[in-house]
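One structure is given here, and the rest of the page talks about it.
Values in this text are rule-based calculations from the coordinates and carry no lab data. Note that the structure is a prediction, hence the values are computed from the model and not measured. We place every Cβ from the backbone using ideal geometry, glycine too, and count neighbours over all the protein chains shown.
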Amino acid sequence: MTDRVWPGKLAFDLDKAPKVVFEDEDLLILVKPQGVLVEGFNSGEGTLTDWVKDYAGNHSRPLHRLDRDTSGLVLFAKNQKWNRELSELFEKKKIRKEYWTIVVGSWDKRTNKVETKIRPLSEGRWENSVDIGKPSKTTFRVLGSDREYSWIQALPKTGRTHQIRLHCLEAGHPIVGDRFYSSDRANAFMLHAYSLGFRHPNGSGDVRVSVDPPEFWHHWLNRLSFRS
């Protein structure tokens, strides 16, 4: 696959090029491809933040993050204008983030909420805990399933590292392809940030954006649709 040069001199593989799905003078929402870091650590690897700074200016910054292996929507501020208001949106949990995931096993519809404490386990890994760590909560809904796999909607109510991955594990249904927490060895990690919703800090109204998962999901969704 040849590289395509996007704004400026930052190059991305065509399959890993971000897509802008919402933009105004203050905010930017992009689709992060699977395999791309939101931010880097001077490794020389191109990141989503590098791309956005090249596209919208050096004051741009991500307002939340996705794991490298997760695809989907990321919200950026293009300037410092609404710092306090944007911080309050996250602190008061007024940003609705919806994720889709494919998990191993047939998810019990009665399991619609998981609450644990999450603490670091080792470098890059975290674990659920009963008494030590930061409180975390996710609600779940079954969108489709068969005997082997389930398509799940996950709504995180807190923003802990690896939260959805760990809460699926806690429910007994690790995410397909999760190299940290699952023995399933699918070629792709099946977690996608499907939608974002919030009231714009400038008072102009609600912002609601959703984006379909990558093409390789189609096989899974066709298999699991209407079988819940």
Excluding residues on the same chain fewer than 8 positions from K78, give the lysines whose Cα lies under 28 Å from its Cα.
-> K9, K16, K19, K32, K53, K92, K93, K94, K97, K157
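So how do 173-186, 193-206 stack up, highest first, on mean other-Cβ count within 10 Å? All intermediate terms of the calculation are to be shown ahead of the outcome.
On the way: 173-186: 18.2, 193-206: 15.1.
Most protected by this proxy first, the peptides run 173-186, 193-206.
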Could you run the Debye sum over the Cα atoms of region 162-228, one equal point scatterer each and no solvent, and tell me log10 of I(q)/I(0) at q = 0.27 Å⁻¹, two decimals?
-> -1.21
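Give me the tail of P(r) for the chain as a percent: Cα-Cα pairs with distance above 24 Å.
47 percent
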Out of L73, T161, S136, whose Cα points farthest toward the positive end of the dipole of the chain (charges: +1 Lys, Arg; -1 Asp, Glu; placed on Cβ)?
-> S136
Taking H as built 1.01 Å from N, whose amide H comes closer than 5 Å to the amide H of E127, not counting residues under 5 places away?
-> R119, L121
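May I ask you to order 70-81, 87-98 by the average number of other C-beta atoms within 10 Å around their residues, highest value first?
On the way: 70-81: 20.3, 87-98: 13.7.
Sorting 70-81, 87-98 by mean packing, highest first, produces 70-81, 87-98.
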Karplus-derived 3J(HN,Hα) from phi for region 175-186 (6.51 cos²θ - 1.76 cosθ + 1.60, θ = phi - 60°), whole Hz, x at Gly and Pro, runs 6, 4, x, 6, 6, 8, 10, 9, 8, 5, 10, 5
Residue among L89, N222, A17 farthest towards the positive dipole end of the chain, charges placed on Cβ | L89
Could you size up the charge dipole of region 138-228 around its Cα centre, putting +1 on the beta carbon of Lys and Arg and -1 on that of Asp and Glu, and report it in debye to the nearest 20?
-> 200 debye
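Pop the C-beta distance of E215 and K117 into the FRET formula with R0 = 45 Å and round what comes out to the nearest 0.05. Don't skip to the answer; put the middle values down first.
On the way: r = 37 Å, r/R0 = 0.82.
The pair E215/K117 has a calculated efficiency of 0.75.
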Grab the DSSP H runs of the chain that are 4 residues or longer, score each as -39,500 (n - 2.57), total them, divide by all residues and round the 222 nm result to the nearest 500 deg cm²/dmol.
-> -4000 deg cm²/dmol
Unit charges on C-beta of K, R, D, E only; dipole of the chain, Debye = 720 debye
In order over region 58-71: 3J(HN,Hα) from phi, Karplus 6.51/-1.76/1.60, θ = phi - 60°, whole Hz, x for each Gly or Pro, gives 6, 7, 5, 8, x, 9, 7, 9, 10, 4, 3, 7, 8, 9
Which ³J(HN,Hα) values, rounded to whole Hz and listed in residue order, are derived for region 150-158 from phi using the Karplus coefficients 6.51, -1.76 and 1.60 in 6.51 cos²θ - 1.76 cosθ + 1.60 with θ = phi - 60°, glycine and proline given as x?
-> 9, 9, 10, 8, 10, 10, x, 9, 10
